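Bear in mind these aren't lab numbers, they're just calculated from the coordinates by the rules spelled out. Small disclaimer: the values here were computed from a predicted structure and weren't measured. Note that each Cβ is placed from the backbone with ideal geometry, even for glycine, and that neighbours are counted across all protein chains shown.
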Amino acid sequence: MRTFFVETYGCQMNQHDSELIEGQLRRQGLEPAPAVGEADLVVLNTCSVRDKPVQKIISRIGALGRLNPAATIGICGCVAEQEAERLLDRSPAVGFVIGPGQTARIREAVRALTQGERPVLTGFDAESEHGFTTIFRKSETRGMVTVIEGCNEFCTFCIVPYTRGRESSRRLTEILDEIRDLASSGVREVELLGQTINAYRCPESGAGLATLLEAAAGVEGLLRVRFITSHPRHFGQDLIDVIAGHPKVFRYLHLPIQSGADPVLARMHRRYTRAEYLELVGRIRRAAPDINLSTDIIVGFPGETEDDFAATIDVLERVRFGQVFAFGFSPRPRTPAARYRPRVAEEVVSDRLQRLFAVTDRISRELNEELVGRVVEVLIDGDSRRDPTHWQGRGEDNRVVNFPKTGREAVGDVVEVAVERAGAHSLAGTISGGAVRLPVIAP
Ligand code: SF4
């Protein structure tokens, strides 16, 4: 076995786990294959937060059997934790199954594979190796850093506490060392990751996310620090103060509300009310008026009435999120909500989703249009997806900005862009100031 290819599904945690998988496989002497059809080992790093992604993985296993019949398939991620041994029965090509709590043991699994075994490594234990030192990062400008793993919230619709285990925070000193290493290698923006990141507590000092964020923002050479995902129930004033007071903390916050109706929030076990959420948003906006907020919504949670849905739309109109990630309810195995009734009919869910997207697209377009004529500071990520003569980057508030290259700037530079046009999902403009090349700080 000489080459590998990793396919990633799902959230940032999975994208970051794939960096860890790639780092481990490289360390074992395997080389990345240029395409999935040429790899000896194909790793599917899976997501099970909704049902469709699970079906996608099952059909992907079948498709890989036709596309690359000689390859061995390794399944990692949340579907691996959920399905475990059952995945071995899906195809003889499946060589190992590794849940998120055991990702760092992938080299052990590959070794076992070469001895004819088909290991299944799942579950969580405090002693498991995390492999944070063997991460292979592709991005030159951004680095993801795990802060807290797992989740203790047990929202009734969510499979994460079952597939990613209970909360486990890393030591603050260890996190800061990793961030300093990233800054010294030229990374400009660090994204701190956790399913409920604001539940972070350093196991050594007891420091919370506000302390960590302030210390991370103080690391020399870094331009921006961001963090995801926050639970509204753990959002303290100390965190608001750091966001408002530190120029390096991103002007963007993802704050999932899930529903704007109290009866639905109660059945979801979110443990905040609509009024509490709106009061929190008010405090954040008063402290940091330029902040760009995004959220998650589940449409058609069991028992959601038309009035409940109207309450959600009302919250969207009041808060005016820059981005909304909305999905129809998907019952997940082992979760209480999978047994809840009455289910909302599929056609009602899809009609509500369409109505919701009409509102959210209008609002995000209006918010983007407010920036036309203004100059925004953009960190260049790479080529624009649609046009290689243009750059794509993100402003300080996470908005995507596309603009023509001039030949004088490069990936990782910061440029000032005069915004000329706005769509629902991005801005377009031209460079108005020279590129700022930030010095790399020696380790
Ligand atoms: S807070 Fe709720 S939705 Fe988020 S990961 Fe935890 S259980 Fe899932």
Legend entry - Among the residues listed as Pro256, Pro263, Pro289, the single one being over 23 Å from the mean Cα position of the chain (by Cα), part of a loop (DSSP other than H, G, I, E, B) and not small (Gly, Ala, Ser): Pro289
Inset, instruction - Output the residue which, of all residues in region 200-218 that are surrounded by fewer than 19 Cβ atoms within 10 Å (Cβ to Cβ) and part of a loop (DSSP other than H, G, I, E, B), is farthest from the ligand (Cβ to nearest atom). - result: Gly218
Legend entry - Test for Phe136: is it within 16 Å of the ligand (Cβ to nearest atom) and among the aromatic types (Phe, Trp, Tyr): no
Inset, instruction - From the list Leu223, Leu278, pick out the single residue that is away from the ligand (no atom under 16 Å from the Cβ), in contact with a Lys or Arg (Cβ under 6 Å, 6 or more places away or on another chain) and more than 30 Å from Phe124 (Cα to Cα). - result: Leu223
Legend entry - Test set (1) in a helix (DSSP H, G or I); (2) more than 16 Å from Arg267 (Cβ to Cβ); (3) of a type in the set (A, V, I, L, M); (4) under 25 Å from the mean Cα position of the chain (by Cα) - Val348 fails condition number: (4)
Inset, instruction - Scan region 56-91 for residues that are within 23 Å of Gly123 (Cβ to Cβ) and charged (D, E, K, R) and report the count. - result: 6
Inset, instruction - Report the residue count in region 139-164 for those that are within 15 Å of the ligand (Cβ to nearest atom) and within 17 Å of the chain's Cα centre (by Cα). - result: 12
Inset, instruction - For region 321-337, indicate whether the set of residues that are surrounded by 17 or more Cβ atoms within 10 Å (Cβ to Cβ), aromatic (Phe, Trp, Tyr), touching a strand residue (DSSP E or B) at 6+ places or on another chain (Cβ under 8 Å) and within 25 Å of Ile159 (Cα to Cα) is non-empty. - result: yes
Legend entry - Residue that is nearest to Ala80 (Cα to Cα) [pool: residues in region 314-331 that are in contact with a helix residue (DSSP H, G or I) (Cβ under 6 Å, 6 or more places away or on another chain) and of a type outside the set (S, T, N, Q)]: Pro331
Inset, instruction - Kindly list, by first and then second residue, each pair from a residue in region 202-213 that is of a type in the set (Ser, Thr, Tyr) to a residue that is surrounded by 17 or more Cβ atoms within 10 Å (Cβ to Cβ), limited to pairs with Cβ atoms under 8 Å and residues at least 6 apart or on different chains. - result: Ser205/Leu172; Thr211/Leu172; Thr211/Cys202
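Each row is one residue, and each column tells you yes or no for (1) touching a strand residue (DSSP E or B) at 6+ places or on another chain (Cβ under 8 Å); (2) surrounded by fewer than 22 Cβ atoms within 10 Å (Cβ to Cβ); (3) in a helix (DSSP H, G or I).
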site	(1), (2), (3)
Phe136	no, yes, no
Ser139	yes, yes, no
Asn152	no, yes, no
Thr156	no, yes, no
Arg166	no, yes, no
Thr173	no, yes, yes
Arg180	no, yes, yes
Val187	yes, no, no
Glu191	yes, yes, no
